[in-house]
Amino acid sequence: MKAWIAVALGLLLAACAQTPDDSLGREAQSGAGENPRARIHTELAAQYFLRGQHAVALQGLEEALKADANYAPAHNMLGLVYGDLREDAKADASFKRAIALQRNYSEAHNNYGWFLCQRGSYDASLAQFELALTNPLYASPERALTNAGLCSLQKGDLKAAEDYLQRALRRMPNQPTALLALADLHARQGRLVSARNLLKQAAAVSELDARGLWLGVRVERQLGDRVSEASYASQLERRFPDSEENHWLRSGQYDQPGGRP
């Protein structure tokens with residue numbers, strides 16, 4: 001799955017790494033008066049998007065908006081699709097339209113925030129995450145908190161990053177993306193034992209990706225545990241042979257950063 005995408009569809013379609021929500025805004029929609037054709041086409045488009053079938057997803061969203069031009073979740077999904085296609089002006093306009101139609105649409109605020117973060121607009125991004133968090137009906141605030149932590153980490157504000165990530169973990173103690181991000185942060189700060197423990201906790205919940213395994217290699221190398229270092233390295237070589245992290249491993253570039261979003 002794309003690193004772009006966050007966690008899940010509104011109807012609990014699983015996604016991967018933290019970042020935007022593919023959910024359909026149920027926390028702000030009562031469902032009464034909702035156009036079922038618009039909803040069904042939007043949900044199908046989301047499925048195609050997760051499979052990387054952008055053209056089919058766009059066709060579905062076109063049908064959704066024919067059924068209801070003001071269906072906010074369809075505009076939110078358009079933002080995700082256009083963002084993934086790097087059609088930034090269209091993505092920006094789509095997210096803004098979704099939010100204009102539904103002010104308390106936390107998923108759209110979260111998605112727009114991540115889009116802005118990935119384009120380097122950190123302050124504007126964090127403002128969107130905060131708007132997502134103001135909605136008391138937001139079912140998954142740990143998503144926006146984790147994304148705010150990741151964006152603060154990209155910005156280089158380690159204090160804010162730790163605050164957001166700790167808040168996310170208070171809400172969902174085993175959120176794997178927050179655990180991995182906090183492990184990265186602690187490794188940067190030289191808190192290696194804490195980074196090791198957070199990585200183990202994350203690995204117990206979900207398989208580590210290449211970034212997490214590379215971070216494990218580097219942490220254990222600095223701690224002097226050659227057995228654990230070799231274990232992480234073996235998993236990285238076996239599961240992600242073509243990754244940038246495995247290239248760094250093979251060439252001994254241990255100063256390359258690990259675990260960053």
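The values are calculated or read from the model by the stated rules, or taken from the named source; none is laboratory data. What you are looking at is a predicted structure, and each value in this text was computed from that prediction instead of being measured. FYI the Cβ positions are ideal-geometry reconstructions off the backbone, even for glycines, and counts take in every protein chain you see.
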So N135, is it surrounded by fewer than 24 Cβ atoms within 10 Å (Cβ to Cβ), under 16 Å from the mean Cα position of the chain (by Cα) and not hydroxyl-bearing (S, T, Y): no
What about R119, is it more than 23 Å from A45 (Cα to Cα), modelled with pLDDT of 95 or more and not assigned by TED's automatic domain parsing to the domain that holds A38? no
Go through segment 93-115 and report how many residues are of a type outside the set (V, I, T) and surrounded by fewer than 24 Cβ atoms within 10 Å (Cβ to Cβ). 8
Helices (runs of 4 or more DSSP H) within segment 113-209 that include 1 or more residues within 26 Å of F240 (Cβ to Cβ): 141-155, 158-171, 176-188, 192-205
